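Just below is one structure, and these are the notes that go with it.
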Amino acid sequence: MILLNPGPVNVSERVRQALLRPDICHRESEFSDLLGRIQQKLLAAFVPGAESDYVAVLLTGSGTAAVESAVMSCLPMGKRMLVLNNGVYGERLSSMIGLHRLGVSELKSEWHIKPDPERVRLALRQHPEVHAVSMVHHETTTGLINPVKEIAEVVDSLNRVFVLDSVSGLAGEPIDIAGSHIYMVAGTAGKCIQGFPGVSFVLLRKGFLERMRNYPKRSWYLHLTHYVDDQGKGIVPFTPAVQIYYAFEEALNELLEEGVANRCQRYKRMAVRIRERMANLGVKTLLPSDSLSNTITAFHLPPGISYATLHDQLKARGYVIYAGQGQLESKIFRIANMGALTELQIDGFLAAFEEVVTGAVARA
């Protein structure tokens, strides 16, 4: 099955075979060595040249676990977080903060609108109790890329902490984590890195880590400094998904061999290929071209065909697409081109899509 959804993704045979490596105990040196190699490769991929300024913290859990770990661990007593919300995953950030009543009034935008850096600047000046700002890098609700560099500059200039959910952004979109002084970035194995779901991570600036050690513990499983201290000794505080870690390392090997910039460009070429063919069929994107990500495109449903029909007929041909969410559920469909996909597979999908849509028009 060809997965055109934003995770889990298709993986290479090389990554799949890594699952078959020998069983090991996570309290033995073999796992400590594996853990250390993964951490080094994450830093080499995403903070090249600044590896000594960051730590990579691994968790067994989906990308949401990494995001929640970051936002719950970064606030001192009596301080608050400002959430920039322009999609379902921005709403999820707000919900995490809301559970503990740690937020201020979020800055909401329409789902097709990027956050305004000057609105952020004004909000931070008006709210001295805000210690951190959180935002989604790639809002997969619509395939929108948020202005990370511009927001990071505002947050840093006002001496606040920037926490970025880049779960579906890392390895798919260019980002300068160290150069933008981003303190915390959450990511996962099972999207643009092309691994399996079940392992996630936080890239954490070391200088901020030392401040975090005195912050309240708001979660037992997800308290970040707990992981940092144990992983510094080559162990993990809880039982990890060992075989998934093996596959994650192999996916990182592939990423470093291809090069992060090259992978971003490969994804961009595939996205352009999909959008051009859809345009020729009269299928329109939800967002303007300057807002689109490299790996997900939201399209308006073609007239006369429901999402359920489109999905089911494409799945019968071997392709899985993705529905809209929330208020867009009945209006759009989404195509992701992340994962170990070839141009031949993308072309096969596009031919199947044309066949389904043409057939629906003929029946109408």
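Sorting the segments 98-106, 265-273 by their mean number of nearby beta carbons within 10 angstrom, highest to lowest, gives 265-273, 98-106. Largest first, the extents of the alpha carbon coordinates of region 303-358 on the three principal axes equal 33, 25, 16 Å.
Sorted into 5 angstrom bins from 0, the C-alpha pair distances of region 1-101 split as 2, 8, 12, 15, 18, 17, 14, 8, 4, 1 percent. Over all distinct Cα-Cα pairs of region 201-307, the Kirkwood formula returns a hydrodynamic radius of 18.4 Å.
Normalising the average separation of contacting C-alpha pairs (under 8 angstrom, six or more residues apart) by the number of residues puts the relative contact order of the chain at 25 percent.
Scoring 318-331, 70-83 by mean Cβ neighbours within 10 Å over their residues and listing the highest first yields 70-83, 318-331. On full extension, the segment bounded by Met77 and Arg16 gains 17.6 nm, given 0.36 nm per residue less the C-alpha separation.
Label sites at Arg269 and Leu281, each approximated as a point 7 angstrom past Cα along Cα to Cβ, lie 2.2 nm apart. Dipole orientation for the chain: of the candidates Ala271, Met1, Leu222, Leu222 has the Cα lying most toward the positive pole (charges on Cβ; Lys, Arg +1; Asp, Glu -1). Apolar share of the accessible surface for the chain: 52 percent from carbon plus sulfur atoms, 1.4 Å probe.
Net length available on complete extension from Phe208 to Ser105 is 34.6 nm, with 0.36 nm assigned per residue and the Cα-Cα distance removed. Rounded to the nearest 10 degrees, the angle from helix 343-363 to the longest Cα principal axis of the chain is 50 degrees. In the frame of its principal axes, the chain has Cα extents of 66, 55, 34 Å, reported largest first. Treating each Cα of region 29-158 as an identical point scatterer and summing with the Debye formula, the log10 of I(q)/I(0) at q = 0.22 Å⁻¹ comes to -1.36. Stretching Asn262 away from Ser157 to a fully extended chain increases their span by 34.7 nm, per 0.36 nm per residue minus the current alpha-carbon distance. The residues of the chain present an accessible area of 41 Å² per residue when probed at 1.4 Å with all protein chains retained. Computed across region 50-121, the Kirkwood hydrodynamic radius from all distinct Cα-Cα pairs reaches 13.8 Å.
Between region 80-137 and region 304-364, the C-alpha centres lie 33 angstrom from each other.
Rounded to the nearest 500, the helix-only mean residue ellipticity at 222 nm of the chain stands at -13000 deg cm²/dmol, with each DSSP H run of n ≥ 4 adding -39,500 (n - 2.57).
Basic side chains Lys and Arg get +1 at the Cβ, acidic Asp and Glu get -1 at the Cβ, and with that the dipole of region 240-364 about its Cα centre reaches some 500 debye.
Over all pairs of distinct alpha carbons, what does the Kirkwood formula give as the hydrodynamic radius of region 228-364, in Å? In region 228-364 this quantity evaluates to 17.3 Å.
Test of understanding: extend the Cα→C-beta vector of Arg37 to 7 Å, then name every residue of region 226-252 with backbone N under 18 Å from that spot. Of the residues in region 226-252, 234-236, 240-252 have backbone N under 18 Å from the label point off Arg37. Among residues other than Ser12 with Cβ under 14 Å from its Cβ, the summed charge is -2 (Lys and Arg +1, Asp and Glu -1).
What is the sum of charges, Lys and Arg at +1 and Asp and Glu at -1, for the other residues whose Cβ falls under 14 Å from the Cβ of Thr285? Net of charged neighbours comes to +4. Give, as a single signed number, the net charge of other residues whose beta carbon lies under 13 Å from the beta carbon of Ala65, with Lys and Arg counted +1 and Asp and Glu -1. Summing Lys and Arg as +1 and Asp and Glu as -1 gives -1.
The values are calculated or read from the model by the stated rules, or taken from the named source; none is laboratory data. This is a predicted model, so every value here is computed, not measured. Note that each Cβ is placed from the backbone with ideal geometry, even for glycine, and that neighbours are counted across all protein chains shown. Only protein heavy atoms, including side chains, enter the accessible area calculation; ligands, DNA and RNA are left aside. Shrake-Rupley method; radii C 1.70, N 1.55, O 1.52, S 1.80 Å.
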